[in-house]
Amino acid sequence: MTLKKRNALAAVEAKVYRGERLTREDGLALIECNDLIFLGLLARYVKEQKTQDYVFFNVNRHINLTNVCVSRCKFCAFGRDAADPGAYAMTVEEALERALNGPPDMTELHIVSALHPDLPFEYYVEVLRRLKEALPSVHLQAFTAVEIDYFTRISGLSLEQVLTKLKDAGLGSLPGGGAEVFSPRVRSLVCPNKASGERWLEVMRTAHGLGLRSNATMLYGHLETPAERIDHLLALRKLQDETGGFQSFIPLPFHPANTGLSHIKRTTAFEDLKMFAVSRLMLDNFDHVKAFWIMLDLPIAQLSLEFGVDDLDGTVVEEKITHAAGATTAQGISKGHLLHLIREAGRTPVERDTLYNVINTYGEEKN
Ligand code: V47
């Protein structure tokens, strides 16, 4: 490492311990640093300042209502044309049946789908209404900002009107998907047919303004540069300064199999752990950084707890998006297994609801 780089990193280290905000240049120095232990120690310090030794998880089930999509992003192996083999769209009853078959102590349904050419906006409202009616105590975290933008286009309603109708039907919060990388250059290459990065941020700003919390993601490891990753984080940090509505940030490693970018190699454990640490350090106004274990494999998800992560997401039950793109992880995990992973890393597991209210803090003993 050159002396200049070493000095830059020492300056970043001092800022982190003083609790000072990092700049774009600091972010670039961090993302180009290969001293993983250094990055991990700094990120762990920030994580412990925010959430001590707690690691959160929840009991949830994912539901993907349809895979028929007009957007057909290059990085996605889940989307289909309506006439393709394997294309599906659930009826409201089918969605309900899946929801009723969630884990017994489920507190969240996580619903992400596709941009279906024919299903009307009323279908999505009806799905939420029926799910809420059947499971009133279950939080409905549904529809990415990209889906919300699409609903305005198919319904002719404004963003406020769409979000208010969904909220009235039972929507509790928005998941963080669809963000990919905000850079217009990258979006024009990988997802030209859906909401821009600016629009994604506008949807979230509006949702937060209506009292809906949300998550945020970044899909990394495809065509983006390190600087574009940092700029993505900075755009999220800026909006969070404005609204305070984001709960957690989830870096999602790109899975290339069966996608239009299948020539790209899957990210390495080294890169995944670095991305967690850099995210934790740059997003000083986010309370939580989450490892979606499904996309990481359990060993990396567990190791991420040393790199600034304080949340392992949930029991999931059924996952289609990453598994279409070659994920070899299980589709679900038991609460007992999550407890074991967290405890083995020397942390205290906390079962939370979607809004991070504590349901149970687990001590040493087996529960
Ligand atoms: O928006 C699509 C990504 C997202 C691939 O908010 C891919 O708590 C990897 O956003 N390889 C959907 N990723 C999933 C998502 C999510 C997951 C878990 C928790 C939360 C949360 C959100 O998956 C999409 C897209 O960014 N994705 N294709 C792929 N080949």
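The values are calculated or read from the model by the stated rules, or taken from the named source; none is laboratory data. What you see is a predicted model, and the numbers here were worked out from it, not measured in a lab. Note that we place each Cβ from the backbone using ideal geometry, even for glycine, and neighbour counts take in every protein chain shown. Just so you know, the surface numbers come from the protein's heavy atoms only, side chains and all, with ligands and any DNA or RNA stripped out. Shrake-Rupley method; radii C 1.70, N 1.55, O 1.52, S 1.80 Å.
With a ≥ b ≥ c the root eigenvalues of the C-alpha gyration tensor of region 188-302, is it rounded (a/c under 1.5), prolate (a/b larger than b/c) or oblate? It is oblate, given that a/c is not under 1.5 and a/b is not larger than b/c. Between A345 and D35, the C-beta separation translates, for a Förster distance of 22 Å, into a calculated FRET efficiency of about 0.55.
What's the carbon and sulfur percent of region 22-361's accessible surface, probe 1.4 angstrom, rounded to a whole number?
53 percent
Averaged over its residues, region 22-361 has an accessible area of 36 Å² per residue, based on protein heavy atoms and a 1.4 Å probe. Modelled spin-label separation between E94 and D297, with each label point placed 7 Å from Cα along the Cα-to-Cβ direction: 3.3 nm. Quick one: among A330, A43, A291, which has the greatest mean-square fluctuation in a GNM of the chain with alpha-carbon springs under 10 angstrom? Ranking A330, A43, A291 by mean-square fluctuation puts A330 first. Note on the chain: with charges restricted to the Cβ of Lys and Arg (+1) and Asp and Glu (-1), its dipole about the Cα centre is near 760 debye.
Kindly sort Y356, Y45 by accessible area of their heavy atoms, largest first, with the probe set to 1.4 Å. Walk me through the numbers on the way to the answer.
Values: Y356 35, Y45 70 Å².
The ranking, largest first, comes out as Y45, Y356.
Region 1-46 and region 195-220 have Cα centres separated by 28 Å.
Between Y45 and S137, the FRET efficiency estimated from the beta carbon spacing at R0 = 45 angstrom works out to 0.75.
What's the FRET efficiency of T328 with K15 using the Cβ-Cβ distance as r and R₀ = 30 Å, to the nearest 0.05?
The computed FRET efficiency comes out at 0.15.
Send over the per residue convex hull volume for the chain, Cα only, as a whole number of Å³. Could the numbers behind the result be given before it?
Numbers: hull volume 46.2 nm³, N = 367.
So the per-residue Cα hull volume is 126 Å³.
Annotation: D35 carries an accessible surface of approximately 70 Å², with a 1.4 Å probe and no ligand, DNA or RNA atoms counted. Only helical runs count toward this figure. For the chain, summing -39,500 (n - 2.57) over DSSP H runs of n ≥ 4 and dividing by all residues gives -13000 deg cm²/dmol at 222 nm. 3J(HN,Hα) couplings calculated from phi for region 331-345 with the Karplus curve 6.51 cos²θ - 1.76 cosθ + 1.60 (θ = phi - 60°) are, in sequence order, 8, x, 9, 7, 4, x, 5, 4, 4, 4, 4, 6, 5, 4, 7 Hz; Gly and Pro show x.
The residue among L236, L171, I154 whose Cα reaches farthest toward the positive pole of the charge dipole of region 22-361, with charges on the beta-carbon of Lys, Arg, Asp and Glu, is I154. Highest average first, the peptides 141-150, 95-104 ordered by how many other beta carbon atoms sit within 10 Å of their residues are 141-150, 95-104. Our summary gives region 22-361 a relative contact order of 25 percent, counting only alpha carbon pairs under 8 angstrom and 6 or more residues apart.
For region 43-105, the relative contact order is 34 percent, taking Cα pairs closer than 8 Å that sit 6 or more residues apart in sequence and dividing their mean separation by the residue count.
Please report how far the C-alpha centroid of region 230-286 lies from that of region 65-82, rounded to the nearest whole angstrom. Using only Cα atoms, the two centres lie 22 Å from each other.
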